[in-house]
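Notes for the one structure printed next.
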Amino acid sequence: MQGIDREWIVRKTLFVMAMMAVLGVLLIVFFVAREAMPAFTQAGPANLFSSAWDPAGGRYGMLIFITGTLTTTVGGLLLGAPLAIGSALFLTQMAPRRVRSFFTRVVELLAGVPSIVLGWLGFTVMVPWIREATGSPGTGILAASIILAIMVLPTITAISKDALEAVPRSYLDASLAMGATRWQTVRRVLIPSAKPGLLVAVILGMGRAIGETMAVALVIGPATAYPTSLTSPTHTLTTKILMEMGESTGVQRSALFAMGLVLLLLSMALIVLVRAVTRERREAA
Amino acid sequence: MSGLEVKTVEEEGLRVEVAAGLCESRDERLERVIRQHIERHKRRAAAADRAFTAATWAVAAVALGILAFIVITIFARGLGTALNPGFLFGKPQAIKEGGGIWPMVVSSFYLAALTVAMVVPVGVGAAVYMSEFAREGRVTRLVRLGADVLSSVPSVVFGIFGMVLFVVYLGLGYSLLAGALTLTLLNLPTVMRTSEEALRAVPVSYREASLALGASRWETVKRVVLPSAAPGITTGAVLAVGRIVGESAAVIYTVGIFVRKIPVSPLQPAAPMAAHIWHTYTEGALVSDWMRIANGEAAFLLLLVLALNLGARLLTRALAKKTGTVKGNE
């Protein structure tokens, strides 16, 4: 009798622990939304989703920062995704065994580099390079995109590698046996078969880029203005929150939470997208 | 074989002049053209294949180059400072030059220890539930969705959430505990995933043997499954330490960015190294040697994270050998 009770208690305790992840999500959504509420009621959505950010004048528009987030993310993916998928192709198709395990370590170590360290490197080394090369301040979309490309590289590489490895070996063998070259096999057989997985990899990389804060904060400028060129300073949602949360109160603080809420919704939308893509793949299989 | 006799053959719109014996027949010519075509195609395919091979090796070289560049540059600029005991174990200075970072080093390790003490039991418990107790269904789907969403939340959002709930609402103030609670949620999905993978890698026959001997499910988990999965779980925990030490955005508004004294109680504010680099960058002008401090701190942080990553792997290997478990991963 006692034994059964203990099993029951253990089971329930473990269940509660498993539900912590769900509880965590609910808490985060609840508290961020609660703090964002005053911005919606007092400033209003029209004000929040406008281009003017001037807390002293009662303007709390976040479109500049949304633009900054989207442009740096696209830039980071344009630079990082081909490199990452190329690395995954290298790992799965080209690399000899020993090189493969070495290169896997390299990617893992790259994933472990703290974003503040990468940002510091960007600020002390990369920004001066861009400054000298272009005669601009050096900070801005370009610098942030390069940093983000490095940040998304390990994520996209790891997930693409899994997607490429999931393609049955027999598909590739059949193609090679018919006389196709390695590249023809990759282009006509491997990539089409792994496409949903590669898409998931890029989407998750996108999530990483949208949420990245510190590495971008050190190279983005900052400036509360739309970027006019690749090297003009601007702000992203994350950097604006980071830099103003400490010294803001009232509606301004609430507007920063509204930006946090936008970030939350963006990352959730990406998860929904990933799930839709993987479900499609499962049904197709 | 009268060499000069020329015939013109016209058939199906194809006109071929044939000098019997010297020129080819229509079929031969067709064959030659087709063969040439195939040869050209093969040459092009081979060239494309070589280009592909070269491109993938080049891409790999770039990725390797990026890591090498990061490590070499950060170490070249800061390792000299970082490995100087006067810097590492020194007191920080607010205005004067020559300050050290000892309270930040302690803060980082303190924060990591507190977080691991919370996230590992909860994460492993959740993983045990998912792999040993739950039947696949609505609950497991909900938990997986929760973990997926949680792992996608940007760290700065974790930061402002932790500030509202732990620092303000629960009244913990800027403190190691508030930061550790925030980072527990941040690291929960990864710890859950690595632990669940480790648990699932334990052969079913182990569990069957234990259950057949009359052990209960929990006894089986405690005595058989968890010990066999320990190497994998430990690796996950060490990797979590690396992430905690490197995290800054979630820490800045929950723990703090600068302290002069070594934090003693978990309820005290602290300044983990990653957050302190940010402080040094933003408040740079306060000390004239701020670049030296941030360079040194960045180098030490990178060294630490690389050591933890490599250490996790060596540890796995050592533990796997000791417990005799076969790990699926390489």
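Out of curiosity, is B:LEU185 modelled with pLDDT of 95 or more, closer than 12 Å to A:LEU27 by Cβ and more than 10 Å from chain A (Cβ to nearest Cβ)?
No; evaluated as a whole, the condition is false for this residue.
Looking at A:VAL219, A:VAL189, A:VAL152 in this structure, which one is closer than 28 Å to B:PHE52 by Cα, in contact (Cβ under 8 Å) with a residue 24 or more places away in the chain and either in contact with a strand residue (DSSP E or B) (Cβ under 6 Å, 6 or more places away or on another chain) or not polar (S, T, N, Q) (or both)?
A:VAL152
Checking B:PRO203 against (1) within 29 Å of B:ALA229 (Cα to Cα); (2) facing chain A (nearest Cβ under 10 Å): exactly one of these is not met. Which one?
Result: B:PRO203 fails condition (2) only.
Considering each residue of region A:29-54, count those that are in contact with a helix residue (DSSP H, G or I) (Cβ under 9 Å, 6 or more places away or on another chain) and not in a helix (DSSP H, G or I), and give that number.
Residues in region A:29-54 being in contact with a helix residue (DSSP H, G or I) (Cβ under 9 Å, 6 or more places away or on another chain) and not in a helix (DSSP H, G or I): 5 in total.
Provide a single number: the residues in region B:142-153 that are buried (at least 24 other Cβ atoms within 10 Å of the Cβ) and not small (Gly, Ala, Ser).
Number satisfying all stated conditions: 2.
Among the numbered criteria (1) within 30 Å of B:PRO203 (Cβ to Cβ); (2) surrounded by fewer than 19 Cβ atoms within 10 Å (Cβ to Cβ), which one does B:ALA240 miss?
(2)
In region B:110-142, which residue that is of a type outside the set (Ser, Thr, Tyr) and touching a Pro at 6+ places or on another chain (Cβ under 9 Å) is nearest to B:ILE233 (Cα to Cα)?
By that ranking, first place goes to B:GLY123.
Give just the number: which of (1) crowded, with 18+ Cβ neighbours inside 10 Å; (2) in contact (Cβ under 8 Å) with a residue 60 or more places away in the chain; (3) over 22 Å from A:PHE15 (Cα atoms); (4) more than 12 Å from every other protein chain (Cβ to nearest Cβ) does B:SER210 not satisfy?
The one condition B:SER210 does not meet is (2).
Identify the single condition in (1) in contact with a helix residue (DSSP H, G or I) (Cβ under 8 Å, 6 or more places away or on another chain); (2) more than 8 Å from every other protein chain (Cβ to nearest Cβ); (3) of a type outside the set (Asp, Glu) that B:GLY171 does not satisfy, given that it satisfies every other one.
(1)
Against the condition crowded, with 24+ Cβ neighbours inside 10 Å, modelled with pLDDT of 95 or more and either away from every other protein chain (no Cβ under 11 Å) or under 13 Å from the mean Cα position of the chain (by Cα) (or both), how does A:ALA201 come out, does it pass?
yes
Considering only region A:222-240, how many residues are polar (S, T, N, Q), in contact (Cβ under 8 Å) with a residue 40 or more places away in the chain and not in a helix (DSSP H, G or I)?
6
Please find, within region B:281-296, the residue that is farthest from A:VAL117 (Cα to Cα) out of those that are facing chain A (nearest Cβ under 9 Å) and under 27 Å from the mean Cα position of the chain (by Cα).
B:TYR281
Looking only at region B:270-305, which residues are in a helix (DSSP H, G or I), surrounded by fewer than 17 Cβ atoms within 10 Å (Cβ to Cβ) and in contact (Cβ under 8 Å) with a residue 40 or more places away in the chain?
B:LEU286
Given the criteria part of a helix (DSSP H, G or I) and within 29 Å of A:TRP129 (Cβ to Cβ), does A:GLY205 qualify?
So A:GLY205 fits the description; yes.
Answer with yes or no whether A:PHE90 is surrounded by 21 or more Cβ atoms within 10 Å (Cβ to Cβ) and either touching a strand residue (DSSP E or B) at 6+ places or on another chain (Cβ under 9 Å) or closer than 19 Å to A:ARG208 by Cβ (or both).
no
Among (1) more than 11 Å from chain B (Cβ to nearest Cβ); (2) within 23 Å of the chain's Cα centre (by Cα); (3) surrounded by fewer than 24 Cβ atoms within 10 Å (Cβ to Cβ), which single condition is A:THR134 missing?
Unmet condition: (2).
Conditions (1) crowded, with 18+ Cβ neighbours inside 10 Å; (2) within 22 Å of the chain's Cα centre (by Cα); (3) polar (S, T, N, Q); (4) outside the structural domain of B:MET291 (by TED's automatic domain parsing), marked per residue:
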position: B:PHE52; (1), (2), (3), (4): yes, no, no, yes
position: B:VAL62; (1), (2), (3), (4): no, yes, no, yes
position: B:LEU67; (1), (2), (3), (4): yes, yes, no, yes
position: B:PHE89; (1), (2), (3), (4): no, no, no, no
position: B:PRO92; (1), (2), (3), (4): yes, no, no, no
position: B:GLY98; (1), (2), (3), (4): no, no, no, no
position: B:VAL116; (1), (2), (3), (4): yes, yes, no, no
position: B:VAL122; (1), (2), (3), (4): yes, yes, no, no
position: B:ALA127; (1), (2), (3), (4): yes, yes, no, no
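Could you look through region A:36-70, keep only residues that are surrounded by 14 or more Cβ atoms within 10 Å (Cβ to Cβ) and among the β-branched types (Val, Ile, Thr), and pick out the one that is farthest from A:LEU265 (Cα to Cα)?
Among residues in region A:36-70 that are surrounded by 14 or more Cβ atoms within 10 Å (Cβ to Cβ) and among the β-branched types (Val, Ile, Thr), the one farthest from A:LEU265 (Cα to Cα) is A:ILE64.
Is region B:158-180 home to any residue that is within 11 Å of A:GLY24 (Cα to Cα), among the hydroxyl-bearing types (Ser, Thr, Tyr) and in the same structural domain as B:PRO227 (by TED's automatic domain parsing)?
No, region B:158-180 contains no residue that is within 11 Å of A:GLY24 (Cα to Cα), among the hydroxyl-bearing types (Ser, Thr, Tyr) and in the same structural domain as B:PRO227 (by TED's automatic domain parsing).
If I go through region B:105-162 residue by residue, how many of them are more than 20 Å from B:ALA180 (Cα to Cα), touching a residue at least 60 places away in the same chain (Cβ under 8 Å) and at the interface with chain A (Cβ under 10 Å from one of its Cβ atoms)?
Total satisfying the criteria: 5.
Considering region A:246-265 alone, what residues qualify as being at the interface with chain B (Cβ under 9 Å from one of its Cβ atoms) and at pLDDT 95 or above?
The answer is A:LEU256, A:PHE257, A:GLY260, A:LEU261, A:LEU263, A:LEU264.
Take the residues in region A:71-87 that are crowded, with 16+ Cβ neighbours inside 10 Å and of a type in the set (A, V, I, L, M, F, W, C), then tell me which one is farthest from A:TRP183 (Cα to Cα).
The selected residue is A:LEU77.
The values are calculated or read from the model by the stated rules, or taken from the named source; none is laboratory data. Model, not experiment: these values are computed from the prediction. Virtual Cβ from ideal backbone geometry, glycine too; neighbours counted across all protein chains shown.
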